[in-house]
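Student: Right, I'll just put the structure down here and ask away after.
None of the figures in this text is laboratory data; all of them are computed from the coordinates on show. Just so we're clear, the structure is a prediction, and the values are computed from it rather than from any experiment. Backbone-built Cβ (ideal geometry, glycine too); neighbour counts: all protein chains shown.
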């Protein structure tokens, strides 16, 4: 990594472009100045130093776009205005409000973190990144974001957007799938931080780096002409900013076909079971899931007088997996139980009426499916 720019030192190479790289203060000053006039300054979690609101937004924004988070953030704050409100909430209520946002371990950690803040810190978030990292669901970058945005601590964040900006500005060619390169970039990110007036500069700088990566220094077709640090950027000077960041190990996408049993009664009640705490849709209420049609049919008692019908299959896209979901509708009489072979003792289950299931934590595709419930499918089904 000899070509990496080190603030305050002479560049390794002697090309005219590289010798124009300024010290760290030039980069941070430009970012702070740009954020004031061109950065994002109207998002609901900005213009506040309330660590509860900043923490909530940071957790929601992990692996999730701003446009998706906006509605969830508003609904969460409407129900849980303070960390104490969230700490006292029932787990199912938290999961219900999170339903559809994905990465459900974030919601469980969010709830536990609120409890720990109340029990261990008297309802006040710790003021340092080091202490914040001891709380559930708060990693190094998230802790730094909270500490810098709320308390002006001089600590670096390194989320995906910031990694992209820094590796391009520095011409950082280290493979970020390797821990040594990741550590080296953390060090460079820290070296580049503002050194003066941290209470004001750090929130602007941290927000500016995130804004720059999200709106200008994008993964594809970066808008270099609008970038406040384009004159300092080695990637632009090299003519190929999109080759950064370098990360050779990539997760392969997979696909999986699942069958969903949609058992319902004439009054619109549906049979839902609570998923295990590990695996897909962990901890959520869900229609019973089977590894395809064959497993589902093998579990049905052919002596039962029930009819089951398949709805059109659809694809639900996760980050690294495509789910091909096929709902099977099983219409039961008012007093007819769910076939015993379909009940899993390891997972609590019950009937939930139309006024009850919307308040549960449900996977997004299941919630959409139930919301579009069209009764009267029994006549079109096949007997089993």
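Student: Taking 0.36 nm per intervening residue step and subtracting the Cα-Cα distance, what contour gain separates residue 299 from residue 340 on full extension?
Tutor: Working: separation 41, 0.36 × 41 = 14.76 nm, distance 0.90 nm.
Extra length available between residue 299 and residue 340 comes to 13.9 nm.
Student: With the cut-off at 1.5 for a/c, could you classify the chain from its C-alpha gyration tensor as rounded, prolate or oblate?
Tutor: Values: a/c = 3.00, a/b = 2.02, b/c = 1.49.
Prolate shape, in that a/c is at least 1.5 and a/b is the bigger ratio.
Student: Looking only at the chain, where both bridge partners belong to it, what percent of the DSSP beta bridges are antiparallel (to the nearest 5)? Could the numbers behind the result be given before it?
Tutor: Numbers: 19 of 31 bridges.
The antiparallel proportion sits near 60 percent.
Student: Just subtract the alpha-carbon distance of residue 223 and residue 90 from 0.36 nm times their residue separation and send over the number in nm, one decimal. Don't jump to the answer; show the numbers that get you there.
Tutor: Details: separation 133, 0.36 × 133 = 47.88 nm, distance 4.55 nm.
So the chain would gain 43.3 nm between residue 223 and residue 90.
Student: State the extension gain, in nm to one decimal, for the chain segment bounded by residue 257 and residue 311, taking 0.36 nm per residue of separation less the distance between their alpha-carbons. Can you show the working numbers first?
Tutor: Values: separation 54, 0.36 × 54 = 19.44 nm, distance 1.42 nm.
Value of the extension gain: 18.0 nm.
Student: Would you work out if region 101-199 is rounded, prolate or oblate? Take a ≥ b ≥ c from the square roots of the eigenvalues of the alpha-carbon gyration tensor; rounded if a/c is under 1.5, else prolate when a/b is larger than b/c, oblate otherwise.
Tutor: Oblate, since a/c reaches 1.5 and b/c is not below a/b.
Student: Can I ask one more? Rank the residues 209, 95 as a footprinting-exposure proxy: fewest other Cβ atoms within 10 Å of their Cβ go first. Could you put the intermediate results ahead of the total?
Tutor: Working: 209 29, 95 21.
Starting with the residue having the fewest Cβ neighbours, the order is 95, 209.
Student: Per the helix-only calculation at 222 nm, which mean residue ellipticity applies to the chain, given -39500 (n - 2.57) for every DSSP H run of n ≥ 4 and division by its residues, nearest 500 deg cm²/dmol?
Tutor: The helix contribution divided over the chain gives -11500 deg cm²/dmol.
Student: Treating the angle as unsigned and between 0 and 90°, give the value, to the nearest 10°, between the Cα long axis of helix 179-191 and the longest Cα principal axis of the chain.
Tutor: With rounding to tens, the tilt is 50 degrees.
Student: Work out the FRET efficiency for residue 79 and residue 238 from their Cβ-Cβ distance, taking R0 = 45 Å, and round it to the nearest 0.05.
Tutor: Numbers: r = 49 Å, r/R0 = 1.10.
Calculated transfer efficiency: 0.35.
Student: Something else: What do you get for the angle between helix 140-151 and the principal long axis of the chain? Use alpha-carbon atoms, 0 to 90 degrees, nearest ten.
Tutor: Rounded to the nearest ten degrees, it is 70.
Student: Taking the number of other C-beta atoms within 10 Å as the exposure measure, put 200, 38, 111 in order starting with the fewest. All intermediate terms of the calculation are to be shown ahead of the outcome.
Tutor: Details: 200 12, 38 15, 111 22.
Sorted ascending by nearby Cβ count, the order is 200, 38, 111.
Student: Continuing with the same structure: Round to a whole angstrom and tell me the spacing of the C-alpha centers of region 80-123 and region 137-208.
Tutor: For region 80-123 versus region 137-208, the Cα centre distance is 27 Å.
Student: While we're looking at this one, here's another question. Which of 242, 58 comes first, and how do the rest follow, when ranked by fewest Cβ neighbours within 10 Å?
Tutor: Lowest to highest Cβ neighbour count: 242, 58.
Student: For helix 24-38, report the angle its Cα long axis makes with the longest principal axis of the Cα atoms of the chain; keep it between 0 and 90° and round to the nearest 10°.
Tutor: 50
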